């Protein structure tokens, strides 16, 4: 079951989910709107590899916005710190962003139960699109779980700002 | 909880969800197939901006189909009018369309509870792909909710045909 | 409701879902990690058509990996055979893959209840990315259903390896 907007507000009030800062204008019928933070990360090489650390740089979005180009993956993050030890958050675009051809994730939309932090957006533009810090580009939904809960205790816990991929550490861990 | 196909048919019969026109051949184990309508919208400029109205044009799909190019975002719509005041609809591709590299949404797949209309598809092709009006490209699932329901009352209510982004109105509203 | 990781393990033990081979290290708080199999399929033509059979070829991933290019859709598959007659599986990227700009599906993420097989990944790279057989790129979640269950009995049942699109068969069936 997906929580309704009023239920998201109620559960937050009871301390069962985190959404900070909280603005009741962001409550939607089944979700809560998320805002783009001021920093974007992108890889400095063109070719990437799942088995290597891929160097990256970060950019502060200028006041007049920043144009995302179609041939790059950009990592942004939510202004909001979010998560829950009781429900599973899933993020997605708001339709207004998506209808400009702006992906907010690249099929990794689920946040593990117990992971609390700023959410990393995987941003990809089909056509060049100028975005602005503070744009309400995304939304988060919350889903009830069935079964015993084991809280997330992984490498992205407590994230602040966009977090590049750590997938190459899988290999290091497997061959240790 | 996600409704099974037979449950979608049952809930529709009881007036708790809208799927018009309805064809029982479109019922799948956990979803209902949606059909591509005859009109596609695309932006006339190449560079887009979340803070501006982005001009667009509409195209009627010719009888021999229409080729979607990879460097453009196309907005299509379902033939079907759909929605629910009780369940949350979520749309996605049918696997046959996706396996041709055709995105049916750009991470905005959730329809607010209470929003009833033709659904706008955010279409993006990885390789050029010819589509045809009437293709069963998409499917809709329905999800149970928890909590008090506030019905959608937003800017896309009662949509007919593809609806371009209205995200620039966020700024106008914020500075009013 | 989404099953927690421990609940996925419990339901598997009770024979209510399939995940083979099974490795308890792959259990996540709300999902189970899936591994990329050794074969990738891609279409040999550049322009595709929903009304035609689109010829394809298959490639075995070399030992030092295989670079996915941005202008192609690639079909991979899970090593794992998965499915359930009781719950609905939905697949997605792991965040480490997605943060490299690697899509694991192209908006067809839902697996019909009753469909058991290796899952076809619809892979699309925003930037060139080298992948390796055995990479844990994806994850599967399981969702409870409401309503009478009709098991999947379609054209992709029992899949082994990546399965190209069969959407052109819709037309053949409609005109039969």
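No value in this document is a laboratory result; all are computed from the given coordinates. All values derive from a computational prediction rather than experimental measurement. Quick reminder, even Gly has a Cβ in these numbers, built from the backbone with ideal geometry, and neighbours come from all protein chains shown.
Selection of the range B:9-41 for residues being more than 12 Å from chain C (Cβ to nearest Cβ), out of contact with any strand residue (DSSP E or B) (no Cβ under 7 Å at 6 or more places or on another chain) and within 29 Å of residue B:58 (Cβ to Cβ) yields only B:22.
Can you find even one residue in the range C:162-172 that is in contact with a helix residue (DSSP H, G or I) (Cβ under 8 Å, 6 or more places away or on another chain), within 9 Å of another protein chain (Cβ to nearest Cβ), surrounded by fewer than 18 Cβ atoms within 10 Å (Cβ to Cβ) and closer than 17 Å to residue C:111 by Cβ? Among the residues of the range C:162-172, at least one is in contact with a helix residue (DSSP H, G or I) (Cβ under 8 Å, 6 or more places away or on another chain), within 9 Å of another protein chain (Cβ to nearest Cβ), surrounded by fewer than 18 Cβ atoms within 10 Å (Cβ to Cβ) and closer than 17 Å to residue C:111 by Cβ, which makes the answer yes. Among the candidates C:89, C:70, C:29, C:62, the residue that is part of a loop (DSSP other than H, G, I, E, B) and under 30 Å from residue A:84 (Cα atoms) is uniquely C:29.
Okay, residues lined up against (1) assigned to a strand (DSSP E or B); (2) surrounded by fewer than 20 Cβ atoms within 10 Å (Cβ to Cβ); (3) without any contact (Cβ under 8 Å) to a residue 24 or more places away in the chain:
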position: A:40; (1), (2), (3): yes, no, no
position: A:53; (1), (2), (3): no, yes, no
position: A:81; (1), (2), (3): yes, yes, no
position: A:85; (1), (2), (3): no, yes, no
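Taken over the range C:124-153, residues that are surrounded by fewer than 24 Cβ atoms within 10 Å (Cβ to Cβ), over 22 Å from residue A:53 (Cβ atoms) and without any contact (Cβ under 8 Å) to a residue 60 or more places away in the chain amount to 7.
What do you reckon, is residue C:6 in a loop (DSSP other than H, G, I, E, B), more than 16 Å from residue C:80 (Cβ to Cβ) and within 11 Å of another protein chain (Cβ to nearest Cβ)?
Numbers: in a loop (DSSP other than H, G, I, E, B): no; more than 16 Å from residue C:80 (Cβ to Cβ): yes; within 11 Å of another protein chain (Cβ to nearest Cβ): yes.
The answer is no for residue C:6.
Annotation: residue B:121 fulfils all but one of (1) without any contact (Cβ under 8 Å) to a residue 40 or more places away in the chain; (2) under 17 Å from the mean Cα position of the chain (by Cα); (3) crowded, with 24+ Cβ neighbours inside 10 Å; the unmet one is (1). Quickly run through the range A:92-146 and pick out the residues that are part of a loop (DSSP other than H, G, I, E, B) and more than 8 Å from chain B (Cβ to nearest Cβ). Of everything in the range A:92-146, those that are part of a loop (DSSP other than H, G, I, E, B) and more than 8 Å from chain B (Cβ to nearest Cβ) turn out to be A:106, A:107, A:108, A:111, A:112, A:113, A:114, A:115, A:116, A:133, A:134.
When residue B:63 is evaluated against the numbered criteria (1) closer than 21 Å to residue B:101 by Cα; (2) more than 11 Å from chain C (Cβ to nearest Cβ), which criterion, by number, is the only one it fails? For residue B:63, the failing item is (1).
Going by the structure shown, is residue A:163 in a strand (DSSP E or B) and touching a residue at least 60 places away in the same chain (Cβ under 8 Å)?
On the way: in a strand (DSSP E or B): no; touching a residue at least 60 places away in the same chain (Cβ under 8 Å): yes.
It is false that residue A:163 is in a strand (DSSP E or B) and touching a residue at least 60 places away in the same chain (Cβ under 8 Å).
Mind telling me which of the residues C:20, C:14, C:63 ends up being more than 24 Å from residue C:116 (Cα to Cα) and surrounded by fewer than 16 Cβ atoms within 10 Å (Cβ to Cβ)? Spell out the reasoning first.
Values: C:20 fails: more than 24 Å from residue C:116 (Cα to Cα); C:14 fails: more than 24 Å from residue C:116 (Cα to Cα).
One residue alone meets the criteria, C:63.
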